[in-house]
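Data block below; observations after.
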Amino acid sequence: MSIGRRPRDLAQLGLVGGLLALSALLVLVPANPVEVAIHGQLGRIPAASDPVWVVLSWCGSWAGIAAVTAAAAYAGWIRVALLCASAGAVTWALALFMHQALGLHQVSSAGPPGGYAFPSDEVAVVAVLTVVAAPYLGGWAKYAGWGLTALVGVAVVHLGGHLPLAAVGGALLGWGVGTLFHVVWGAPDRRVSEVIIRDELEQAGLRPVSIAALRHRFLEPREFAVRTADGATLRVKVVRRMSRRAGAGYKLKRLLAVLDVQDEPQLSTPHHEVEHEAYVTLLAERAGVRTPQVVLACDVEHAPALLVVRQVPGRRLSAMRASEVDDELLAEVWAQVAALVRARIAHHDLRAKNFLVDPENRPWLLSFTFSVAGAGPARCARDLAEALVSVAAVVGVERAVSSAIRALPTEQLEGALRNLLPMALPRRIRAQTENSRFLVANSRFLVAEVREALADGLGLPIPGFRSPVRPITVIGLLLIGAAVYLLLPELSSMDEVLRAARDANWFWLVVAVLTGFAAVVLSSVSVQGSSTIPLPFWRTLAVQVAAAFTGRTTPGGAGFFGINVVYMERLGLRRPLAVGVTLLNQAGTGAVAFVVAVIGVFAVGLSGTFTHLSLPTGWPVLVGTVVVLVAAGAVLASPFGRRRLVAPSLEVGRELLEVLRHPVRALQLFGGALGYLVVSGLGLAASLAALHPDVAWVAVTVVFIIGNTLGHLVPSPGGLGAVEAVLIAGLGAMGVPATAAVTAVLLSRLLTYWLPVLPGIAMFRYLQHKGVI
């Protein structure tokens with residue numbers, strides 16, 4: 001067995017120890033009502049099922065330890081039997097020691113006179129047996145063991161022996177002791193020794209002579225170089241974990257990038273992944289793709305799966321200088337990619353490091369881990385887009401694009417053009433741009449440079465903006481909206497809210513509708529002030545009307561960014577400049593909102609408007625504030641914070657100061673942003689005026705600006721739910737009755753924010769037809 005240790009167990013041991021200590025501290029205070037309620041509900045389980053719960057509790061006693069030990073010894077697993085027996089005994093003893101050290105946990109007058117013990121020794125024993133035995137038995141044992149642990153936890157609570165917190169503490173204790181045993185004695189699947197690899201190769205008849213471990217990166221498969229008796233050189237890849245990690249986050253980004261999202265084939269185990277890679281590699285080799293020959297793909301008991309291929313001498317394309325990559329080599333690279341397309345194989349990992357150049361200057365394709373056989377045109381087009389970015393990071397944009405145009409058909413390059421978007425490419429492809437020697441501006445713009453150069457080379461326009469809204473997105477938005485608009489009135493009374501809406505003053509409701517459309521006009525003025533190049537007013541206004549549809553129906557307003565960037569690209573702005581204009585507009589609006597909120601809060605506060613506002617005080621608030629400030633300072637001081645937060649913020653700040661040197665642009669940007677916020681706030685005030693006779697217009701506007709800014713920090717379409725909640729709380733602090741506040745907020749959001757989405761849909765289709773976006 002590949003018995004060994006891993007550093008992750010130490011980190012896991014520290015985490016479990018901290019959680020167990022926290023649970024122990026909670027024992028020293030009276031049980032909270034939620035815990036008592038859970039205890040009471042589990043106690044009401046019908047008494048007819050008590051025999052089942054009693055038997056389950058026996059699993060965590062000496063009987064359970066003895067049964068598992070005997071079963072392991074009978075099966076010949078002496079090591080497992082000894083570990084289970086010792087770990088079970090240690091855990092049981094520690095649980096009893098904690099009982100004596102912590103005493104009894106008093107619940108309430110309804111509980112037993114002495115209280116309840118912490119932690120549950122039954123749950124702890126079952127948990128430690130699961131943690132210790134699972135690596136030897138496989139994944140099914142882990143899931144079954146933790147399921148049994150949960151049932152035992154329910155049993156001890158139902159039978160009245162422990163509180164829910166004691167069951168949680170027992171699981172943590174067992175988890176911690178089991179992890180400690182892994183740290184001390186080791187466990188299977190923790191390391192791969194040369195002995196294991198030699199044994200597997202000898203069983204396959206390959207006769208290894210020497211085995212040398214190669215350098216590898218964290219989380220990537222380990223590799224070994226093997227010399228056989230017949231003089232051949234092999235490369236062994238050890239796959240201990242699944243590499244195909246494209247999850248919901250990547251699919252969401254591709255959805256927002258308006259590309260067709262296709263699910264990746266699901267693989268069950270690392271062995272399945274190895275077999276899949278070997279299968280697709282053989283298909284590619286048969287189709288004429290130059291790739292190392294597969295020798296062996298096997299699963300090893302109690303050890304990771306192995307993939308063995310013939311070693312090809314050469315250098316990775318990522319390690320070569322641009323001067324070493326001639327036009328003939330580039331043509332061969334594209335010939336290999338074209339062969340993949342003809343064979344309907346999508347590689348999905350065409351990084352420069354996966355192109356190997358042999359001594360004869362011929363490229364080889366490596367690592368088909370993410371590959372898909374029988375791929376359609378969309379997958380192959382994404383492959384080509386990945387290859388374009390990878391080659392451009394090595395030889396530059398112009399050479400990569402021109403060589404691809406000479407070697408590949410136009411229809412294939414058109415498909416790649418639609419995939420050349422940062423959100424459409426996985427992180428492993430975009431990461432290559434960070435070390436590109438051919439990028440003058442920020443590395444994130446390399447994809448945009450490739451996209452623009454390819455569009456120019458093909459004589460095609462940059463692909464237009466397609467709606468990121470899908471039918472499932474609309475359905476989800478409607479369901480969330482329905483939930484929000486049905487649940488918020490519960491703060492008051494649904495009947496009273498409906499009655500107030502029916503009796504509302506229609507004049508003020510019409511005013512609220514007009515403010516919603518006027519805000520869109522002012523938003524277009526703000527966008528004009530963000531650009532150093534004059535933008536046509538009416539066309540910009542039409543795009544902002546369409547953005548009311550795309551921006552308010554996508555999380556984080558992604559549709560607003562997308563439609564404005566594509567619109568400016570169609571006007572001739574390069575993508576980096578178009579992105580900068582959009583970000584500057586958002587930064588300007590945010591700066592104006594912050595200034596207005598600070599000034600407005602103090603001004604309105606001095607007038608005594610917020611009569612029902614109460615702020616929490618005391619040392620917990622002070623400690624929480626200090627913790628947040630320290631955490632924020634640590635993040636900003638870290639390399640990640642300096643690179644991703646501080647540097648971009650300083651750059652945007654300099655651009656905002658530069659705008660102040662141009663009075664017309666400053667008036668457009670900041671004046672338009674101020675007008676947008678104020679007019680939108682007046683829409684809320686008008687909705688409230690339709691219901692409530694006395695309206696503090698300035699205070700309501702300030703409440704709107706604060707609520708709109710904070711609510712949109714939540715990544716839901718249009719800040720749905722969060723904005724409404726903050727606005728209702730703000731109006732309540734002003735003393736507005738609950739019914740009027742809820743009704744005014746719901747009407748305002750419906751009339752001023754969501755109603756402009758309808759003409760936005762029509763304008764979006766019109767602009768698409770005219771080629772504006």
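Points worth noting:
- When each of ILE45, ILE563 is scored by the number of other beta-carbon atoms lying within 10 Å, the sequence from fewest to most is ILE45, ILE563.
- Distant-in-sequence amide contacts of GLY138, defined by a placed amide H-H separation under 5 Å and a gap of 5 or more residues or a different chain, comprise nothing.
- Taking all Cα pairs closer than 8 Å and separated by 6 or more residues, the relative contact order of the range 7-185 comes to 32 percent.
- Rough spin-label spacing in nm, given labels placed 7 Å along Cα→Cβ, for VAL184 and ILE45: 3.3
- Sites VAL521 and ARG406, calculated FRET efficiency, Cβ-Cβ separation with R0 41 Å, nearest 0.05: 0.25
- Spacing of the modelled spin labels on ARG574 and ARG227, each 7 Å from Cα toward Cβ, amounts to 5.1 nm.
- Label zone at ALA591, where the point sits 7 Å out along the Cα-to-Cβ direction: the range 517-558 residues whose backbone N lies under 12 Å: 530
- The range 302-327-the range 154-213 distance, computed between alpha-carbon centres (Å): 33
- Each 5 Å bin from zero holds the following percent of Cα-Cα pairs in the range 279-336: 4, 13, 18, 20, 17, 13, 8, 4, 3, 1.
- Per-residue ³J(HN,Hα) for the range 383-388, Karplus 6.51 cos²θ - 1.76 cosθ + 1.60, θ = phi - 60°, Hz, x for Gly and Pro: 4, 5, 4, 4, 5, 4
- Note on the range 534-584 and the range 653-710: Cα centroid distance 21 Å, given to the nearest whole angstrom.
- Evaluating kT/(6 pi eta Rh) at 37 °C and 0.692 mPa s, with the Kirkwood radius of the range 639-770 over Cα pairs in the Stokes-Einstein relation, gives 192 µm² s⁻¹.
- Counting only Cα atoms, the range 7-185 measures 51, 38, 26 Å along its principal axes, largest extent leading.
- Cβ-Cβ distance of SER638 and GLN12, R₀ of 25 Å, FRET efficiency by 1/(1 + (r/R0)^6): the value works out to about 0.60.
- For VAL300, the residues 5 or more places off, or on other chains, whose built amide H falls under 5 Å of its own are ALA305, LEU306.
- Average Cα contact separation per residue, the range 317-458, under 8 Å, 6 or more apart, as relative contact order %: 26
- Distant-in-sequence amide contacts of GLY4, defined by a placed amide H-H separation under 5 Å and a gap of 5 or more residues or a different chain, comprise ALA187, ARG190, ARG191.
- The calculated P(r) of the range 317-458, using every Cα pair and 10 Å bins from 0, goes 12, 48, 35, 4 in percent.
- Length gained when the stretch GLU324-LEU498 is fully extended (0.36 nm per residue, less Cα-Cα span): 55.2 nm
- Neighbour-count ranking [beta-carbon atoms within 10 angstrom, fewest first] of SER402, SER531: SER402, SER531
- Inverse of mean 1/r across different Cα pairs in the range 1-73, Kirkwood, Å: 16.6
- Spin-label model, ILE533 to ARG5: label points 7 Å out along the Cα-to-beta-carbon direction sit 6.2 nm apart.
Readers should treat all values here as calculations from the given coordinates under stated rules, not as data from a laboratory. The structure displayed is predicted, hence computed values, not measured ones. In this analysis, Cβ positions are derived from the backbone assuming ideal geometry, glycine residues included, and neighbour counts consider all displayed protein chains.
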